[in-house]
Each structure stands twice: as structure tokens, then as C-alpha cells.
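J.: So that we are looking at the same thing, I have put the structure below in C-alpha cells.
The values are calculated or read from the model by the stated rules, or taken from the named source; none is laboratory data. If you're wondering where the values come from, they're calculated on a predicted model, not measured in any experiment. Every residue, glycine among them, receives a Cβ derived from its backbone with ideal geometry; neighbour counts consider all protein chains shown. Quick note on the areas: whole protein, heavy atoms, side chains included, nothing else; ligands and nucleic acids left out. Shrake-Rupley method; radii C 1.70, N 1.55, O 1.52, S 1.80 Å.
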Number of protein chains: 2
Amino acid sequence: MIARVLVTPKPVVNDPQGLTVKQGLASLGFREVTDVRIGKYIEINLEGTTEHEARQRVEEMCRQLLANHVIEDFRFEIEREHSRR
Amino acid sequence: MIARVLVTPKPVVNDPQGLTVKQGLASLGFREVTDVRIGKYIEINLEGTTEHEARQRVEEMCRQLLANHVIEDFRFEIEREHSRR
């Protein structure tokens, strides 16, 4: 079972990393870019769980360790096969 | 137009951040986790481009700035609407 987790800064939170990348892209000539937000992508392999169990466990992992709920949102998908998206 | 970019460490490259998170999860009791890989998720808003143009430009952004092709892979989707996945 594989979980693909996205952790993103909440829309109201400043994202200095994204701002820096936006400025970097502008200085390279990519002036059509109006906004950049940067988050984390986390791929988790799980063994010996059902899809339903995995969903509950990954939700718990996000709450306890992977995301800071004060400033970040998270969402995830569970996949049975280890296939690349 | 919005581009959702995933930048991930290549499979052959060590991912110390992922290893640390895996150990952290294990110490929290998530022992079903066999592997963790950590990458970046980048959301880019683009103005005044067609989908075809945006695809070429974002590919170029990844090559020039967003991904280090020696150690990272990238993939992305282009969406017309700014809808949350």
C-alpha cells in the first residue's frame, strides 16, 4: 500500500520560499508566473494494512508528525499498487 | 492556469530526510511504514498562456530552476481552473 501525502502552507500563511522561487523564475524570464506556493510531497510505503486501515493511520501520521496544523493543510491518496503517478 | 509540480529524489539517491521521518514514525508506533521518500510540491499560477504554452514553459522552469536533474525527477499537471486537488 502506498500513501501520497501533500502538505501545503495554508492560503493565509506567508510562503517566503514560494516568493523567492517566484522572483527567481521572474529573473529567468518567466514573467507569466503570478504566484508560487511550495509544500511537501511525502510518499509512504505501508505493509500489511487494508486500504481502510491505511487511510486512518496516514491521517494520524499527518496529525502527529507530518503536518503542522497551525500553518499547514494536508491531503493524501492511498494506492494499492506502487505505481508512479 | 495552474501547474502542480512534484519534484522527487531519484530512486537511486539517498533520502536522509525520508529516513528521519520513517524513524520518527516508527518511534510514534507506526511500525507498518517500510519506506518514506520526501519531495517538493510546487503550485505555480500562470497568466495569459494557453495550456500548450504553459506545459512547455513549466517544463523549462523545472529544467532551469525547480529540479536538480542530477538527483531529482519531476512531473507536473496543468489545470485550467484554480481548483484544489
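J.: Going by amide H atoms built from the backbone, whose H comes under 5 Å of the H on A:K10, apart from near neighbours?
T.: A:E72, A:D73
J.: May I ask you to give the percent of accessible area on the protein assembly as shown that is carbon plus sulfur, with a probe radius of 1.4 Å? Write out the running numbers ahead of the final one.
T.: Details: 4760 of 9390 Å².
The value for the protein assembly as shown is 51 percent carbon and sulfur by accessible area.
J.: How large is ³J(HN,Hα), in whole Hz, for each residue of the range B:22-39 in order, when computed from phi with the Karplus curve 6.51 cos²θ - 1.76 cosθ + 1.60 and θ = phi - 60°, using x for Gly and Pro?
T.: 4, 5, x, 5, 4, 6, 8, x, 8, 7, 6, 7, 9, 7, 9, 10, 10, x
J.: Before anything else, pin down the relative contact order of chain B: Cα pairs under 8 Å, at least 6 apart, normalised by residue count, whole percent.
T.: Details: 110 pairs, mean separation 43.9, N = 85.
It rounds to 52 percent for chain B.
J.: Among the lysines, which have Cα under 26 Å from the Cα of A:K10 when same-chain residues fewer than 8 positions away are ignored?
T.: Correct list for A:K10: A:K22, A:K40, B:K22, B:K40.
J.: Using alpha carbons only, what's the Rg to Rh ratio of the protein assembly as shown with Rh from Kirkwood? Numbers along the way, then the final one.
T.: Values: Rg = 16.6 Å, Rh = 16.9 Å.
For the protein assembly as shown, the value is 0.98.
J.: Accessible area per residue for the range B:2-79 in Å², computed with a 1.4 Å probe and the full protein assembly in place, what is it? Don't jump to the answer; show the numbers that get you there.
T.: On the way: 3990 Å² over 78 residues.
Result: 51 Å² per residue.
J.: Then there is this: Cα atoms only: what Rg and Dmax, in Å, come out for chain B?
T.: Considering chain B through its Cα atoms, Rg and Dmax are 16.1, 49 Å.
J.: Distances from B:R55 to the same position in the other copies: list them in nm, one decimal, shortest first, using label points 7 Å from Cα along Cα→Cβ.
T.: 3.3
J.: Then there's this: For the interface of chains A and B, what total accessible area is buried with a 1.4 Å probe, rounded to the nearest 100 Å²? Mind dumping the intermediate values first?
T.: On the way: alone 6400 and 6390 Å², together 9390 Å².
Answer for the A-B pair: about 3400 Å² buried.
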